[in-house]
Amino acid sequence: MGWKKRMQGRRNRKRNGEVQGGWRQRHWRLLLGGACLLSLLAVCSSLCLGNVNFSPARLVSLLAGSGGGMERSIILYARLPRTLAASFAGAALAVSGAVLQNVLANKLASPGIIGVNAGAGLGVTLCCAFGILSGGAVSFAAFAGSLATVFLIFLFSSRTSASKTTVILGGVAMNSVLNAICESVTVLDTDVAMLSIDFRVGGFSAVSYTRLVPAMVLILLAFGVLFTLCNELDVVTLGDETARGIGLSVGRYRMLFLVLAALLAGAAVSFAGLLGFIGLIVPHFVRRFAGNESGRFLPLCVVAGAGFVTFCDMVSRLLFAPYELPVGILMSVIGGPVFLFLLVRHKGGHRYD
């Protein structure tokens, strides 16, 4: 009788685990479906609304190739590249922030706070100083700047055995230094200052296909590599000892994830400018609903980040129409209080030490 009870208990636990796993899968699918629907709504609204409004039916006909030349030009050469830029920048910065938070084991890490965006911005500023204004060279320079910043932060944390809070503060200091170098370049070269005003604020008003397409290719490649390594990212997040016990080469994979995070942030900054707090806000709220499993967490960050930035860009265009508020200002107004809230709630990061 005791043996039968133990077997029945095992079957019940297995059945309960399967039920719970199925519920989590359905829950995640509902979340992803809802996020996709809201993001698609934000994209359609961004394409339809502006100084000239279009109905959804008219939008479809214009995209299909029928309709007036002026209206079609507005869609294809003004709103479509801007909407694509907002979507790709939001997705890339959100995923970059999520990866940095997992690898650095600090939920307050993000590309804008620890200097990754500033490093990319320095690369773009130097490109402007040398007369390179668009194309793949700008994306590569932004990636190189962000990668150098990530490497310095990683070297600082590994060599000094700094706490997670100290790493964040070191990143903030790095952010200030890099921004100071950028400001020095713009002061010494007034032409660069005029070219980089919109870039330093952050926005999509001057985005073009020439600058957008190379960065989009890099972002898609980084997503492709990253989504095949979700299991390894979960193992790295568990800590060095656990990862080594499983047989994972921790240092190699950690550096790979940092390179991918830098690539995503650098590619986004190359056409979006210094947008802040996206990599902090989106992963934090997505994690509350989707948990920490990378296979579910990262895809939801892609969709939520794309929809969030697209919506904010649309609001910044319409809020003070016919004048336009740069979306970077709106992101700072939203992100600053959120960062302070997280800082107080998590006691400066000590809760994750």
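For the range 78-87, does any single residue satisfy the condition of being surrounded by fewer than 24 Cβ atoms within 10 Å (Cβ to Cβ) and on the phi > 0 side of the Ramachandran plot?
no
Provide a single number: the residues in the range 235-245 that are exposed (fewer than 12 other Cβ atoms within 10 Å of the Cβ) and within 21 Å of Q101 (Cβ to Cβ).
Qualifying residue count for the region: 1.
For the range 261-278, check the following and say yes or no: at least one residue is surrounded by fewer than 20 Cβ atoms within 10 Å (Cβ to Cβ), in a helix (DSSP H, G or I) and out of contact with any Asp or Glu (no Cβ under 8 Å at 6 or more places or on another chain).
For the range 261-278, residues surrounded by fewer than 20 Cβ atoms within 10 Å (Cβ to Cβ), in a helix (DSSP H, G or I) and out of contact with any Asp or Glu (no Cβ under 8 Å at 6 or more places or on another chain): absent.
Residue-wise test of (1) at pLDDT 85 or above; (2) part of a helix (DSSP H, G or I); (3) among the acidic types (D, E); (4) buried (at least 24 other Cβ atoms within 10 Å of the Cβ).
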| site | (1), (2), (3), (4) |
| --- | --- |
| A105 | no, no, no, no |
| A109 | no, no, no, yes |
| N117 | no, yes, no, yes |
| V124 | no, yes, no, yes |
| I132 | no, no, no, no |
| F140 | no, yes, no, no |
| F143 | no, yes, no, yes |
| L147 | no, yes, no, no |
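So which residues in the range 27-68 are farther than 26 Å from Y323 by Cβ and among the polar types (S, T, N, Q)?
S39, S61, S66
List the helices (runs of 4 or more DSSP H) that sit entirely inside the range 184-235 and contain at least 3 residues that are modelled with pLDDT under 85.
190-195, 197-201
Please specify each residue of the range 229-267 satisfying the condition of being β-branched (V, I, T) and either within 22 Å of F143 (Cα to Cα) or without any contact (Cβ under 8 Å) to a residue 40 or more places away in the chain (or both).
If the condition is that a residue be β-branched (V, I, T) and either within 22 Å of F143 (Cα to Cα) or without any contact (Cβ under 8 Å) to a residue 40 or more places away in the chain (or both), then V235, T242, I246, V250, V259 are the ones that fit.
Kindly indicate which of G279, G273 is modelled with pLDDT of 85 or more and either of a type outside the set (A, V, I, L, M, F, W, C) or within 15 Å of G112 (Cα to Cα) (or both).
G279
The values are calculated or read from the model by the stated rules, or taken from the named source; none is laboratory data. Just so it is clear, the model here is predicted, and its values are computed rather than measured. With ideal geometry, Cβ positions are generated from the backbone for all residues, glycine too; neighbour counts draw on all protein chains shown.
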